[in-house]
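Got a structure here, written out as structure tokens. Questions coming.
The values are calculated or read from the model by the stated rules, or taken from the named source; none is laboratory data. The shown structure was predicted, so the numbers you read here are calculated from the model rather than taken from an experiment. Glycine gets a Cβ as well: all are built from the backbone with ideal geometry, and neighbour counts include every protein chain shown.
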Amino acid sequence: MKFSYFLARRLLYTILVLLGLSILIFVIARTLPGDPARLALGPFASKEQIENLRREMEMDKPLPVQYWTYITGIFRGDFGLSFQTRRNVALDIAHYLPATVELVLVSILWVLLLGVPLGVMAARYKDRWPDNAVRVLAFVGVAVPPFVVGLVLQLIFSYLLGILPTTGRLGLMTAAPVRYTGLLIVDSLITGNFSALGDALSHIILPSFAIAMTGIGQIARLTRGSMSDVASQDYIEASRGFGIPNRVVAFKYMLKPASIPPLTVLGLTFASELSNAFLVETVFAWPGMAKYGIRAILRKDFNAVMGVVLIIGLAFVVVNLIVDILSGYIDPRIRKRQEEA
Amino acid sequence: MMPSDQHAPRKREDARWAAFRDRLGRGWYKFSRNRISLIGGAMVLFFVFLASFAHFVTPYPHHAGAYTDFMNAFKPPSAAHWFGTDSLGADVLTRIIFGSQISFMLAGVVLGISVPFGVFLGLLAGYIGGKTETIIMRITDIFLSLPALVMALAICAAFTPSIDKAMLAVASIWWTWHCRLVHGITRSIKTEEFVQASRVLGASHLRIIFRDILPNCASPIIVKITLDAGFVILVGAGLSFLGLGAQPPAEDLGTMISIGSKYLPERWWMTVFPSLAIFLIILGFNLLGDGLRDALAVEEGV
Amino acid sequence: MAERSLLLDVRNLHVQFRVYEGISRVLDGVSLQVREGERVGLVGETGCGKTVAMKAAMGILKSPPAQFPTGEVFLAGKDVLKMSPTEILAMKGKIIAMIFQDPLSSLNPVFTVGQQIVDVIRYGRRRAGDGRRPARATLRRTAVEALESVRLPDPERMLKMYPLELSGGMRQRALIAMALVNRPRLLVADEPGTALDVTIQAQILELLKGLAREAQIAILMITHDLGVVREIAERVYIMYAGQIAETGRAKAILDAPEHPYTRGLVASVPRLTGEVLAEGIPGTVPDYTEAPPGCRFHPRCDHRMDVCEKRKPLPVETAAGRHVACYLYGGETHA
């Protein structure tokens, strides 16, 4: 009972924040200098053409009215028309989103499968060479700009060694699988198209790893820190004192409480993955939201920019909500705090 | 009021100073024992030095800015040009050092604007509470609802790409982190007993803020600023890489990498050396910030 | 009195730590013994090194910061300081178990009481050589019985609860259950009632006494509270700043303390009758990086003599089973 109340309040709050975000971006986009209609039509457009476009885009109406039309449109699924593609931004996003989703999901896999074990190992061998090695790795991971990682990976694996492709999601010769979800890996598995699967996998390795570097560093360090914090706790000493063997203590009694801080940071890791995606998609010419979004920004296609921003904002707050729920599920202390708040 | 009370505030000052000096001493002890943070500090000092005296340190200071010499373009690293030359014929090493100036300037401007602003708002929100707090923190939440880079991109969307617009964009979101940090600290200290005791003794709000709250914020803020410097430079490089920050022919590191990436893999030096430079600068700040965090005993998560 | 066999034998133990300010010599030649089925108290102020001594005895003192320049610790005849980690592990729960001061911090917050106690039982069984995997139902039954033995209400329900849902007294009882479920021969209790209300503390002490009598478990009670000592200990060691000041039968020491420190301790306990007000002992516990030479109590002692700061006094037997380490009672000096 109490938990669903907490959930409802969080959802309401989330919606409010998103609305606030939409207002913020809308205001920035519409009130600041630069004439998008002129930009969209190019320098040779006549004044009349520009005026027509402005009327078509409803840019002559007062700001709050524009906003209202926009917001009500959102709830109908109408994200406005893109200046460039002249179709509903929602369609554009639906087209480009799966590529980015797939990329980010695989990156998160990297972060969990590499970051956590590295952190555990570092805590286990605290202050000895594995700990220092992981520490160095973590520092490097956080300090290297993701686009640099992408370029370096490209340089080594594509150009020098030639074992992995440079750009794109699929090779030019490979037939794409039938589109169910838009996620190539899933689609090719469903349809049994294994050559496409292999190709898709080989294409996604480098960019997803480039995106994951920051996250791996963050999670490894955090896991190491929280593992070593938990290790010095009284209850761990007590459970050892009761004769529970070290391996059980480590993997069960230390890991569970130690996983809370990394879990809470997962939301932030997801944020950095999204940011990194923008940079890495450019390096690997990945046909995803980032590419679409950046083009929209350079061409001042405001509806497209708003659409991208809102979707990313939505994804971000949803992920944070999931992380909060999971934390409450694992740690009863957090659950209590949530119910009391 | 008894005559001895006149000495009491004095003694408190001395005691505070002694405690502060002791803390500094301990902090330095811990810091200097940590090899990694010393390396970070050295790196930062080195790069700042290079950037500050760029004019005197670089071999071809006139290559900065809009310089073209197509005869000399695309030369690989050699004795004359340690890092080779770029597509316009300028010495890469020189441009990297001048480019780091832009990075440091970015960090300085962004943090110089956003930190005081954020700290002020955080204090306000944490101390006054009530409606003010709610409004400020909700606005903070809105700004934080997007990852930093994405938010900066969205703001840059409204302007024509240029370095100062990029700085403005990043500064306009950065204050939120410091606001949150200071707000949290203020709130937790405000409820401590010694603050209530001060109030009972008649201390004014300002006094409490300056005497009790701000000193406790000092360490986390210092650590955060150091780490932020690296992160701001990272975001700035990302923006330039995407074409939204410094525009060519300015020698921003991100822009250099973006241009250089078109010439991979044959003319690798145009990409590799600026990448190395920016990596080392960011790494230096991260190591330094981490060491400070250890030395000043601030918790992780800052 | 038949001599019961020696369970814990600490001989001239020195323990020190490397810190910022130098070397902290916490334990300076501590010797104490606990026999089978005995109830022994270890008394001293906060910071006198009692917990360090006990952790060393259990083999859970982490060795890089801690150093053991001299001394030995024998548990059931085996030298703890020389044992391998596996041997130490085999001892835990079976020979020696420890409960800490704060029951909340001793229980893992993210697991239920049931999960934790079942694991203690399971791994205790395994080490006892019971090769077969014990059935879930058996483990559960043993857990419930253990919780019943410490008089916890509704043990079935308690298995599913998290530590933060229990009261302090209930947590402490659960901890005692966990400590005793594998029937150790020695239970070390580190100030088990300090974090609790006085009435609850009294109940816990009664519980411990009863359990010890029923199951013939020796108890080493570490405390700073003389009331607790009077309640539960047969023999007692008085400890100050890493040195044993006095030892003997609890009643005898509390009624007629001999060492100046013990006298000060007893005098500082407020009494309900009589006109003498409680007095404290002037001064503070020394800094272990610059511990006073000789008898560490001498700076605070009203009866100090020149020899007190030169060499540490050896224990002198002033009565049967009673030893005092103080030059007031004569005694040879350290070589």
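Are any residues in the stretch A:252-265 more than 27 Å from C:Gln115 (Cα to Cα) and crowded, with 24+ Cβ neighbours inside 10 Å, and if so, which ones?
Once the filter is applied, which keeps residues that are more than 27 Å from C:Gln115 (Cα to Cα) and crowded, with 24+ Cβ neighbours inside 10 Å, the stretch A:252-265 yields nothing.
So which of C:Arg151, C:Arg125, C:Arg173 ends up being of a type in the set (Lys, Arg) and either part of a loop (DSSP other than H, G, I, E, B) or loosely packed, with under 15 Cβ neighbours inside 10 Å (or both)?
Result: C:Arg151 is the single residue among C:Arg151, C:Arg125, C:Arg173 that is of a type in the set (Lys, Arg) and either part of a loop (DSSP other than H, G, I, E, B) or loosely packed, with under 15 Cβ neighbours inside 10 Å (or both).
Here's something else I'd like to know. Taking strands (runs of 3 or more DSSP E) that fall entirely within the stretch C:190-301, which contain at least 2 residues that are in contact with a strand residue (DSSP E or B) (Cβ under 6 Å, 6 or more places away or on another chain) and over 21 Å from C:Val324 (Cβ atoms)? Reasoning before the result, please.
Values: elements: C:218-223, C:235-240, C:243-249.
Qualifying strands (runs of 3 or more DSSP E): C:218-223.
Also: Given A:Val148, A:Val178, which one is without any contact (Cβ under 8 Å) to a residue 24 or more places away in the chain, closer than 22 Å to B:Ile233 by Cβ and not polar (S, T, N, Q)?
Being without any contact (Cβ under 8 Å) to a residue 24 or more places away in the chain, closer than 22 Å to B:Ile233 by Cβ and not polar (S, T, N, Q) holds for just one of A:Val148, A:Val178, which is A:Val148.
For the stretch B:269-293, which residues satisfy the criterion of being touching a Pro at 6+ places or on another chain (Cβ under 9 Å) and either of a type in the set (D, E, K, R) or not in a helix (DSSP H, G or I) (or both)?
B:Arg293
In the stretch A:297-306, how many are within 11 Å of chain B (Cβ to nearest Cβ) and within 23 Å of A:Val17 (Cβ to Cβ)?
The qualifying residues number 5.
On to the next question. Kindly evaluate B:Phe241 against the criterion of being assigned by TED's automatic domain parsing to the domain that holds B:Ala166, hydrophobic (A, V, I, L, M, F, W, C), under 13 Å from the mean Cα position of the chain (by Cα) and under 15 Å from B:Ser103 (Cβ atoms).
Taking the combined requirement at face value, the residue does not satisfy it.
OK, next. What are the pairs, 6+ residues apart or on separate chains, where a residue within the stretch A:87-98 that is closer than 19 Å to A:Arg169 by Cβ has its Cβ under 6 Å from a residue that is in a loop (DSSP other than H, G, I, E, B) and β-branched (Val, Ile, Thr)?
Here the result reads A:Asp92/A:Thr85, each pair linking the stretch A:87-98 to a residue that is in a loop (DSSP other than H, G, I, E, B) and β-branched (Val, Ile, Thr).
Can A:Asp78 be described as within 14 Å of another protein chain (Cβ to nearest Cβ) and acidic (Asp, Glu)?
So A:Asp78 does not fit the description; no.
Could you look through the stretch C:176-189, keep only residues that are part of a loop (DSSP other than H, G, I, E, B) and more than 10 Å from chain A (Cβ to nearest Cβ), and pick out the one that is nearest to C:Val40 (Cα to Cα)?
Ranking the candidates gives C:Arg185 first.
Additional query: Check A:Leu326 against each of (1) more than 10 Å from chain B (Cβ to nearest Cβ); (2) within 27 Å of A:Pro165 (Cβ to Cβ) and name the one condition it does not meet.
(2)
Report, by residue number, each residue of the stretch C:75-93 that is of a type outside the set (A, V, I, L, M), more than 9 Å from chain A (Cβ to nearest Cβ) and over 16 Å from C:Leu61 (Cβ atoms).
Taking the stretch C:75-93 first, the residues of a type outside the set (A, V, I, L, M) are C:77-79, C:82, C:84-87, C:92-93.
Still in the running and more than 9 Å from chain A (Cβ to nearest Cβ): C:77-79, C:82, C:84, C:86-87.
Across the stretch C:75-93, the qualifying residues are C:Gly77, C:Lys78, C:Thr86.
Name the residues in the stretch C:149-163 that are within 14 Å of chain A (Cβ to nearest Cβ) and more than 26 Å from the chain's Cα centre (by Cα), would you?
If the condition is that a residue be within 14 Å of chain A (Cβ to nearest Cβ) and more than 26 Å from the chain's Cα centre (by Cα), then C:Lys160, C:Met161, C:Tyr162 are the ones that fit.
Going through the stretch B:235-252 one residue at a time, which ones are more than 15 Å from B:Ser172 (Cβ to Cβ) and of a type in the set (Val, Ile, Thr)?
If the condition is that a residue be more than 15 Å from B:Ser172 (Cβ to Cβ) and of a type in the set (Val, Ile, Thr), then no residue fits.
This table checks each residue for (1) exposed (fewer than 14 other Cβ atoms within 10 Å of the Cβ); (2) touching a helix residue (DSSP H, G or I) at 6+ places or on another chain (Cβ under 7 Å); (3) under 30 Å from B:Ile278 (Cα atoms).
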| position | (1), (2), (3) |
| --- | --- |
| A:Ser158 | no, no, yes |
| A:Ala175 | yes, yes, no |
| A:Val178 | yes, yes, no |
| A:Asp187 | no, no, no |
| A:Ala196 | no, yes, no |
| A:Ser202 | no, no, yes |
| A:Ile205 | no, no, yes |
| A:Ser208 | no, yes, yes |
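What helices (runs of 4 or more DSSP H) lie completely within the stretch B:120-231 and have 2 or more residues being away from chain A (no Cβ under 14 Å) and within 30 Å of B:Pro249 (Cβ to Cβ)?
By residue number, B:163-190.
Now a separate question. Cβ contacts < 9 Å: first residue free of Cβ contacts under 8 Å to residues at least 12 places away in the same chain and at the interface with chain A (Cβ under 7 Å from one of its Cβ atoms), restricted to the stretch C:113-124; second residue surrounded by fewer than 22 Cβ atoms within 10 Å (Cβ to Cβ) and among the aromatic types (Phe, Trp, Tyr), any location; separation 6+ or different chain. Result?
Close Cβ pairs satisfying both conditions: C:Asp119/C:Phe111.
Can I ask one more? What single numbered condition from (1) over 15 Å from C:Asp119 (Cβ atoms); (2) within 14 Å of chain C (Cβ to nearest Cβ) fails to hold for A:Ala238?
Here A:Ala238 meets the rest and fails (1).
Counting only residues that are at pLDDT below 85, give me the helices (runs of 4 or more DSSP H) lying completely in the stretch A:146-247 with at least 1 of them.
Fully inside the stretch A:146-247 and qualifying: A:184-190, A:194-231, A:234-241.
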